[in-house]
Structures are given as C-alpha cells and as structure tokens.
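Questions regarding the structure given below will be posed in turn.
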Amino acid sequence: MRWQVLAAAVWGLIWIGRAEMLFSAELEEKPICSAQQGAEPSPPKEKASSSELAPGQAKPSPAVPPSEQAQPMPKESKMSEERKVMVEKELAEIRAQTQARTYTDAQGKKLLYRLWIPRGYDPAKKYPLILFLHGAGERGDDNLKQLAHPDVLHWVRDKYAKEHPSFLVAPQCPAGAKWVDVNWWQVPHHQTPPQPAEPMRLTMELLDALQKEFSIDPDRIYVTGLSMGGYGTFDLLVRRPTYFAAAVPICGGADDSRAKDFAHLPIWIFHGAQDKAVPVVRSRSVVEALRKAGGQPRYTEYPDEGHAIWKRVYADEELARWLFSQARPK
C-alpha cells in the first residue's frame, strides 16, 4: 500500500513539473504588450560589458545545442536561398555599375568608396551629387558592403536616371570607427565633438576632390544616411551648414543645440516609432529644435515600423521628387 501511495505522489510531482514547464514556456513565447499605443520605446539598458551594440546590430542569441535547434521547413529554406540569389545578383550589378575607388589624403590616410557616374556623363553639363552614409553593420574594408542595402540607388538609376542624372558617392567607414564619435544611446541628444571623426574628415575632403575631378553642380549636392549614417548626416550639417542643398537623415540623431546652424536647410527626417536600435526620441527632439530655431523640417514617422525603414524611405516617389527639386540659394 505504501509503495502505491509513494508512486502516486511521484507521478503527481512529475505532472505538476510538466505543467509548470508548459506554463513557463507559454509565457516566454507571448510578448508583453503595452496598453498605450504609440508610446516611445525605452532605450536599451546599459550593460556591464564595455562593448557597444551598434544601431541595427542584432543581439547575440544564446547557444543552442544542435539537437535542439529548430530545422527550417523546406519552403522557408527555398525562400531564403531565393532571397540570397537575388541579393547577390543585385550586388553583382552594383559592382558592374559603380567604380571602386580609394581617396588618399596628404598624410596617406585612406578612405574606400564606391562611385556611380551618370550614364552618358558629359563634362560640359553640371550634375547633382548624392552622398550616402551607410549604417554600422556595413563597416569594413571590402569597398562593397556599404551598398549592401542598395535601395538608395533608385535615385540614380531606373526611372529617375533620365530626368535627374546624378552622381552617387558611398564611402565605407572602417570597422570599429564611426561617422561621428558619440554614444548612440544618449538621449535625447548629444554634443558635437570639436573635431570630426577621421572617416568624416576624409569624406569631406573626398567631396572637395570629386568636385575638382567631375562637373558637379555645387548648388545640388545632397546627403542622406541611415542609422549610424543618420548621425553622420546631422554631423555634416553642423560642420558644413551651407554646403548641401538638402538632407535626408534616416533613424539617426543630432546635437539639438546646433539645430540653429542648419535650420535654414531643406531637410526631411524619417524614423520608425517602434525603433529599438535608435530611440525615436532622437528624431523627434531634433525636429522640435529645428522648429524652435525657425526651420521647417519635414518629418515622417512610421507608427508600426522598427529600425530597418530605409527600403520604404528610398522607394518613396514623393521624396525623390522633393529631393531633386531642392537647390542651394545662389
């Protein structure tokens, strides 16, 4: 009789444990949602580690034993392979259509960059130039990864190429460096460092060199950047407030105290309200600062989008029309 009671108790404990495990797993799978819609996402909490997670960089996943890893369904695997082939094909087109170049300064410092030259380039004509600053995930020394998100190329090829033939220059920030040496998580703004980061200094010198080499319209030079490049875009506007005809910062951040320096500039700012990499308050605060300084920035905030909004931004035909209509006052 005792062993039957003992066995029943053991089985009861086992089933209770299983129930607790199932309940716990269910809780882990269901995200905790806020009842307040449109609330600003909180910036990530500082970790004890000294390493800094770059905007757009995914958090490392915990190691999972191979036996416990979920195997992809055949359809998912096929879609992944098709996407990979499509991306590789597009990157191959970029290799063929853009020049891989290196800018070297007087001290021998180098900056890798890709250059799109308008089809049928005629030195007797003046052409706009678009400067594109990539995000943190595209840093390196391969002189290609900076266009891993090639959506910005819509502006210089496809249907816009005939009406608005333009140059596009895409420098590559080296691994471990930044376009602007600031803390990405600082909210609501940061202070502009006294001197530009070396990749930014070289980028400014590169722009001057390209103007000497090619027939570029000095009144139609535009700058755009995403994530880390959005920070770089604002940094350039502070350092060269009368140089650009227009700017398109995407999910970046600025030194709001310097907004008065570039409040006169046509600027269209974009951010996703659900951005977990760069808090949306970074764009909201600079928009407010620009308006207080007398500026009239355009601001588009996607309420249901996160960080990776650049594909949607660069596909916006209204933005393309707006950009090419801007010219620096004579």
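Assuming a viscosity of 0.692 mPa s and a temperature of 37 °C, what translational diffusion coefficient in µm² per second does Stokes-Einstein assign to region 99-324, Rh being the Kirkwood radius over Cα pairs?
188 µm²/s
In addition: What is the distance, in nm, between label points placed 7 Å from the Cα along the Cα-to-Cβ direction at Ser80 and at Arg312?
Taking the simple label geometry, Ser80 and Arg312 are separated by 2.6 nm.
Taking Cα centroids, how far is region 111-165 from region 273-330 in Å?
Using only Cα atoms to place each centre, the spacing works out to 20 Å.
List the extent of the Cα atoms of region 187-226 along each of their three principal axes, largest first, rounded to whole Å.
Projected onto its principal axes, the Cα set of region 187-226 covers 41, 19, 16 Å.
Just rank Phe132, Phe262, Phe167, fewest to most, by other beta-carbon atoms within 10 angstrom.
Phe167, Phe262, Phe132
Ok, one more. To two decimal places, what compactness ratio does region 266-310 give when its Cα radius of gyration is scaled by 2.2 N^0.38 Å?
For region 266-310, the normalised Cα radius of gyration is 1.14.
Turning to a different aspect of this structure: Within region 126-159, find all residues whose amide N lies under 14 Å from a label point positioned 7 Å from the Cα of Arg119 along Cα-to-beta-carbon.
154-159
While we're looking at this one, here's another question. Relative to 2.2 N^0.38 Å, what does the C-alpha radius of gyration of region 117-157 come to as a ratio? Two decimals please.
In units of the globular-protein estimate, region 117-157 measures up at 1.43.
Keeping to pairs on different chains or 8 or more places apart, tell me how many lysine pairs in region 99-324 have Cα atoms under 18 Å apart.
Lysine pair count for region 99-324: 12.
Still on this structure, I have one more. Taking K and R as +1 and D and E as -1, what net charge do the other residues with C-beta under 13 Å from the C-beta of Arg201 add up to?
-1
I need Glu81, Glu138, Glu90 ordered by Cβ neighbour count within 10 Å, fewest first.
Lowest count first: Glu81, Glu90, Glu138.
Still on this structure, please answer the following. Which ³J(HN,Hα) values in Hz, rounded to whole numbers, follow from the phi angles of region 204-212 under the Karplus curve 6.51 cos²θ - 1.76 cosθ + 1.60, where θ = phi - 60° and Gly and Pro get x?
Here the 3J(HN,Hα) series is 5, 5, 4, 4, 5, 5, 5, 5, 7 Hz.
Looking only at region 99-324, where both bridge partners belong to it, what percent of the DSSP beta bridges are antiparallel (to the nearest 5)?
Percentage antiparallel, nearest 5: 35.
Taken together, the values in this text are just the output of simple stated rules run on the coordinates, not laboratory data. Only a predicted model underlies this, so the values are computations on that prediction, with no experimental measurement involved. Glycine also receives a Cβ, built like all others from the backbone with ideal geometry; neighbour counts cover every protein chain displayed.
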